[in-house]
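Q: Here it is, the structure in full.
Where a number appears in this text, it was derived from the coordinates with a stated rule and is not lab data. This is a predicted model, so every value here is computed, not measured. Here the Cβ positions follow ideal geometry from the backbone for every residue, glycine too, while neighbour counts run over all protein chains shown.
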Amino acid sequence: MKTILIDGIEYIPKSEAIETNVSYDYVIVRTYSAGVFAGYLKERSGKEVVLSNARRLWYWHGAASLSELAVKGTSDPDKCKFPCEVSEIILTEAIEILPVTPVAQESIKCVPVWTAQD
């Protein structure tokens with residue numbers, strides 16, 4: 001990576017910078033035992049998190065990790081298994097909260113609703 005030093009501060013080209021346009025309202029939350037969820041952060045108190053308009057991220061494809069899913073979204077939404085959105089959920093054992101970029105948020109919201117086959 002090319003850098004330039006100005007007054008003792010090292011800068012990198014904008015094209016190589018990590019995207020910083022992050023919406024902290026929409027997050028991915030990994031819990032200790034309930035799984036992974038994406039939704040709007042309504043409240044947080046210690047390990048308890050309340051999300052609104054939340055989807056369980058039961059299985060994802062097209063992202064190597066939750067970190068990549070939060071930054072880039074999924075490149076293969078048809079292979080993901082995200083059930084329907086719930087209006088609100090209280091998660092009592094949150095162990096990771098990842099801010100989601102607008103691009104990733106749109107990607108998550110575009111995943112078709114996965115449901116049990118009748």
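Q: Which cross-chain or sequence-distant (5 or more) residues have an amide H under 5 Å from the amide H of E96, H modelled 1.01 Å from N in plane?
A: Result for E96 returns R30.
Q: What distance in nm separates the simple spin-label points at K81 and N53, each placed 7 Å from Cα in the Cβ direction?
A: It is 2.6 nm.
Q: Still on this structure, I have one more. Grab the DSSP H runs of the chain that are 4 residues or longer, score each as -39,500 (n - 2.57), total them, divide by all residues and round the 222 nm result to the nearest 500 deg cm²/dmol.
A: On the way: 2 runs with 15 residues, N = 118.
That comes out to -3500 deg cm²/dmol.
Q: Rounded, prolate or oblate: pick one for segment 19-109, where a ≥ b ≥ c are the square roots of the eigenvalues of its C-alpha gyration tensor, a/c under 1.5 means rounded, and failing that, prolate if a/b is larger than b/c, else oblate.
A: Details: a/c = 1.65, a/b = 1.34, b/c = 1.23.
Prolate.
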